[in-house]
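The values are calculated or read from the model by the stated rules, or taken from the named source; none is laboratory data. If you're wondering where the values come from, they're calculated on a predicted model, not measured in any experiment. Virtual Cβ from ideal backbone geometry, glycine too; neighbours counted across all protein chains shown. The area values use the complete protein model at the heavy-atom level, side chains included, leaving out ligands, DNA and RNA. Shrake-Rupley method; radii C 1.70, N 1.55, O 1.52, S 1.80 Å.
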Amino acid sequence: MEALTQSFVQVGMAPDEARLAAQRQFGGMVQIEERCRDERGFAWLGQAMKDVQYTLRSLSRARGFTLTVLITLVFGVGVTTAVFSLTAGDLFLSSPYPSPKQLMRIGLRDGLNGDVFYVPQFVYQADTEHSASFDEFAVVERRTANVLVGDEPAGTAVLGISERSFHVFGIVPAFGRSFLPEENREGANNVVIVSYLFWRRHLDGSPDALGKKVVIDQRICTVVGILGIDQKLPLIFDGDVYQPLVEKADAQNVFLPMLSVVGRLKKGVSTAQALAEISAAKLPPIPQWAKDYMSRQKPILVGFAELGRSDSSWIMVVAACFLYAIACLNTMNLMLIRLLRRRRELSIRFAVGASRTQVIRLIGIESLVLTIAASVLVAFIALWIFPPVFAFLNRDDAELFRSHWDWHTLLCVAALSCIACLFTALVPVFRLMKAEVNSGLKDGGPTLGEGRLSSRMRNSLVSFQAAFAVLLLIGTGLMVQSFGRLHRLDLGFNPVGKVKAVISFPSGYNVKPEEVITLYERLRQRLISIPGVKSVSYGQDSLLVGYFEGSSQVQMGDGSLLPTSATLVASDFNATAGMSLMKGRWLSGRNGEVEALINEAFAKARFGDRDPVGLSFRIQVAGDQNFPVVGVVHNVRDTVRSPSGPHIYLPAWMFPQNINSMILSFESDPKKGFDAVIRRAIYEVDPRLITVDVGSINLGIDDSLGAEEYAFRILKGLSVVAFILTLIGLFAVIAYTVDSRMAEFGVRMAIGATPCSIHRLVLSKGMTAAGIGLVLGTLAACGLTRFMRSLLFETTPFDPLVYAGVAAVLVVGGGLACWIPARRAARLDVVKLLKWE
């Protein structure tokens with residue numbers, strides 16, 4: 001430039017004139033600089049940085065829009081990720097165990113109990129004695145024991161596991177070693193392996209814990225191994241303290257111990273071949289009554305991976321996907337509305353030479369910034385807020401909870417954020433492709449293609465949001481109906497105020513049968529002195545035990561055998577438990593007097609329409625012993641969902657070793673902390689007794705509905721969030737519609753329209769979109785809710801009350817969301833608006 005200027009000066013031009021002539025000949029300096037930067041290839045980076053800076057300034061000015069979008073995306077991405085972390089292990093992620101398809105769980109099946117995956121020891125021995133289909137087995141016996149570290153009690157659950165159990169699941173303790181083959185025998189099994197959580201809680205989390213001593217049932221055991229934080233065993237093998245399993249038979253009860261067994265198939269062996277082999281296995285010598293019981297049982301093999309999957313997990317995943325879709329649709333709608341509000345700015349950009357690609361890039365960067373911010377918030381909440389809250393509520397280590405948020409979860413956050421970024425920018429970009437530059441520069445023009453198509457698109461997005469919300473609300477409503485019927489169910493006894501304390505005797509606790517009765521009488525006297533306790537009794541656990549055992553064989557009149565559940569109880573057990581006497585009387589309680597109470601199901605099956613009081617029956621194992629019936633009680637359910645099978649109640653003195661529970665009756669369900677008082681009272685009577693569990697029966701009912709309760713809570717939370725997001729989307733669309741049509745409303749009112757008619761016009765627009773969503777959601781629910789049948793109790797997927805209730809909720813909520821914009825439109829100042837126009 002300087003050389004060119006000098007050449008013009010030399011031919012006689014003035015310096016200023018020469019400078020201007022040189023600039024005209026040389027060309028624009030800025031344009032040349034831009035071309036040079038383009039040649040270097042980094043112009044896009046500088047422009048992108050400018051776009052990011054502009055986007056941040058723009059979003060900081062639009063605080064309401066930014067906050068609403070962030071909250072929507074945080075809920076959508078965060079909740080969906082949380083559901084993924086809860087279900088991924090069962091549904092999506094590959095098993096952490098080597099060759100998981102070869103792992104098979106062995107169980108039994110009959111017509112009464114269904115599938116049972118706990119087998120007696122003699123069945124396991126018969127299956128494995130000559131097994132040619134399995135390489136190895138993992139066997140566990142879950143038992144109760146007093147575990148002490150120093151002088152402090154550290155738990156009651158101890159898992160006896162076979163020597164190859166850890167190897168089956170590919171686990172080697174992080175510290176120390178696994179069990180040795182010679183340690184799986186009596187006298188040599190005084191070694192334990194502890195879980196990571198037990199190590200942190202009771203052994204100070206130090207590697208020096210190896211070699212420390214713990215006391216199990218008054219036997220000193222040495223810690224030889226510690227599991228790592230990421231070494232997770234299957235649920236049936238999950239525990240805190242592991243000890244070598246010693247196989248030994250119980251002469252008094254051939255069905256004990258009950259074992260969980262997982263076998264690893266040999267390569268090339270099919271499930272059918274292995275099942276045929278174990279079905280042909282011969283049982284060892286057992287009593288005839290046990291043979292008769294086992295004759296109804298058929299062995300089964302179920303793939304280990306299939307056991308963890310349930311309908312509730314899939315329902316939660318689908319519900320989370322619906323919520324995520326609602327969040328994306330809502331964000332997409334908000335982005336479209338923001339684009340339309342920026343019509344003049346973007347039209348000016350087009351007018352001064354910006355390409356559509358540059359403007360689309362600006363919209364994409366805005367969507368990317370919002371989704372990245374939402375992802376960071378989700379990750380921060382998950383990694384730094386939830387763990388201490390979880391630890392505070394559950395008294396667990398925050399580190400243990402954080403371990404569940406592994407790279408799979410973070411990858412899920414990233415994937416959901418990328419999808420949200422793509423879809424939320426999709427509709428605005430589509431509108432930009434058809435933008436009209438000239439109309440965007442005119443006052444009141446249909447800017448950037450805004451018109452009927454844009455309006456219909458926004459309303460369609462709201463309708464889809466409403467449809468997804470209706471699906472979730474209907475699913476939640478069905479669960480509410482199901483739970484209501486479950487809680488109104490006739491259980492056969494009054495559970496209010498009833499507390500069950502399950503007691504176990506430690507190994508080596510030798511006591512005579514008559515002394516057992518004396519011990520339970522002492523426990524009764526101590527527990528009755530607790531304030532608030534009305535009455536106390538004892539017997540075998542028979543209230544909602546969770547299954548129908550049916551191991552007692554009652555002789556029928558035609559010589560066949562009736563599977564019956566038999567329970568030994570004290571004379572006042574049934575009355576204390578709140579059972580109803582239908583005929584006859586209660587047990588007398590006199591020692592040596594043989595008598596029996598029966599339930600209505602037994603009376604119907606054994607005696608038909610005859611009055612059973614005064615009649616008698618025989619049990620196969622008792623030979624010729626007659627059991628006279630003294631009374632009939634109302635059926636007590638074995639589980640909440642299944643009706644009661646035949647049941648008999650016999651005097652406790654006949655076999656007191658089977659007594660394992662105390663029943664306490666309060667005026668109402670006791671407050672939190674009552675279990676510690678009961679445990680302390682039992683400890684005062686005999687410190688050697690193991691209090692396995694103390695709990696309110698009403699709480700036990702809730703626990704038995706764990707899968708349904710779990711799914712219900714997730715659905716309830718998802719449906720509430722989805723409903724709120726839908727209302728936000730509906731409000732945003734109607735509010736924008738009112739703003740964009742203010743001039744039209746002013747003209748309408750100027751030529752005679754009333755505020756009420758304008759109010760109705762706005763309401764009808766919003767309610768039409770909500771109504772379309774209601775219809776679509778209802779039709780979809782008719783097809784999808786049938787997959788919830790396994791979680792519903794006496795409730796059909798097409799319950800009209802639920803559908804009507806959801807429709808009413810959506811109509812009321814939609815009306816409220818549209819009311820404020822409609823009210824604003826109806827209060828329009830016509831004179832002021834027309835002057836401005």
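Kirkwood hydrodynamic radius, the stretch 122-212, all distinct C-alpha pairs: what's the number in Å?
Details: mean 1/r = 0.0660 Å⁻¹.
When all Cα pairs of the stretch 122-212 are included, the Kirkwood radius is 15.2 Å.
Helix 674-685 and the long axis of the chain differ in direction by around 30°, with both axes built from C-alpha atoms.
DSSP loop chymotrypsin sites (Phe, Trp or Tyr not before Pro) in the stretch 183-216 with at most 15 other Cβ atoms within 10 Å of their Cβ, which ones? If you can, show how the numbers build up before the last one.
Numbers: sites: 196, 198, 199; in loops: none.
Answer in residue order: no site qualifies.
Converting phi to 3J(HN,Hα) with the Karplus coefficients 6.51, -1.76 and 1.60 and the offset θ = phi - 60°, the stretch 767-773 yields 6, 5, 4, 5, x, 4, x Hz in sequence order, with x at every glycine or proline.
Taking amide H as placed 1.01 Å from N in the peptide plane, residue 579 has its amide H under 5 Å from the amide H of 494, each at least 5 places away in sequence or on another chain.
Which entry is the computed mean projected area of the Cα convex hull in nm² for this structure: (1) 40.5; (2) 35.9; (3) 53.0? Comparing each candidate, only (3) matches the computed number. By the gyration tensor of its Cα atoms, with a ≥ b ≥ c the square roots of the eigenvalues, what is the shape of the stretch 156-204: rounded for a/c under 1.5, prolate for a/b over b/c, or oblate? Oblate, since a/c reaches 1.5 and b/c is not below a/b.
Could you please state how large a percent of the accessible area of the stretch 602-668 is carbon and sulfur, counting protein chains only and using a 1.4 Å probe? Please list the in-between numbers first.
Numbers: 1340 of 2670 Å².
Reported share for carbon and sulfur atoms: 50 percent.
Taking Cα atoms, how many degrees apart are the long axis of helix 29-40 and the longest axis of the chain, rounded to 10 and kept between 0 and 90? With both axes taken from Cα atoms, the answer is about 30 degrees.
Under 5 Å between amide hydrogens, built in the peptide plane, is the criterion, and for residue 666 it picks out 498, 499, 534 among residues at least 5 positions away or on other chains. Using a probe of 1.4 angstrom, how much of the accessible area of the stretch 687-837 is carbon and sulfur, in percent? Within the stretch 687-837, the accessible surface is 69 percent carbon and sulfur. Estimated from helical segments only, the mean residue ellipticity of the chain at 222 nm is -16500 deg cm²/dmol, where each DSSP H run of four or more residues counts as -39500 (n - 2.57).
Put simply, the amide H of residue 568, placed in the peptide plane, has neighbours under 5 Å in 540, 650, leaving out anything fewer than 5 places away on its chain. Label reach from residue 490 (point 7 Å along Cα→C-beta): in the stretch 631-648, amide nitrogens under 17 Å belong to 632-647.
Of the two radii for the stretch 735-820, the radius of gyration is 1.20 times the Kirkwood radius, both from the alpha carbons; that is the Rg over Rh value. Our summary gives the chain a relative contact order of 14 percent, counting only alpha carbon pairs under 8 angstrom and 6 or more residues apart.
Report for the chain the percent antiparallel among DSSP-assigned beta bridges with both residues inside it, nearest 5. Can you show the working numbers first?
Details: 71 of 87 bridges.
Within the chain, antiparallel bridges account for around 80 percent of the total.
Neighbours of residue 330, meaning other residues whose beta-carbon lies under 15 angstrom from its beta-carbon, give a summed charge of +2 when Lys and Arg score +1 and Asp and Glu score -1.
If you take every DSSP beta bridge whose two residues both sit in the stretch 571-727, what share of them, in percent to the nearest 5, is antiparallel?
Details: 8 of 12 bridges.
Here the antiparallel bridges make up roughly 65 percent for the stretch 571-727.
Solvent-accessible surface of the chain, taken per residue with a 1.4 Å probe and all protein chains present: 49 Å². Listed values for the stretch 779-790 are Karplus-derived 3J(HN,Hα) couplings in whole Hz (6.51 cos²θ - 1.76 cosθ + 1.60, θ = phi - 60°), namely 4, 5, 5, 4, x, 9, 5, 5, 6, 8, 3, 5, and x replaces Gly and Pro.
Looking only at the stretch 178-314, where both bridge partners belong to it, what percent of the DSSP beta bridges are antiparallel (to the nearest 5)?
60 percent
Which entries in 498/534; 101/266; 101/282 show an alpha-carbon gap greater than 19 Å? Where the Cα-Cα span goes over 19 Å, the pairs concerned are 101/282.
Between 0 and 90 degrees, rounded to the nearest ten: what's the tilt of helix 311-341 against the longest Cα principal axis of the chain? Its long axis makes an angle of about 10 degrees. Overall shape of the stretch 552-702 was characterised from the C-alpha gyration tensor. The equivalent ellipsoid obtained from it has semi-axes of 31, 18, 14 Å, in decreasing order.
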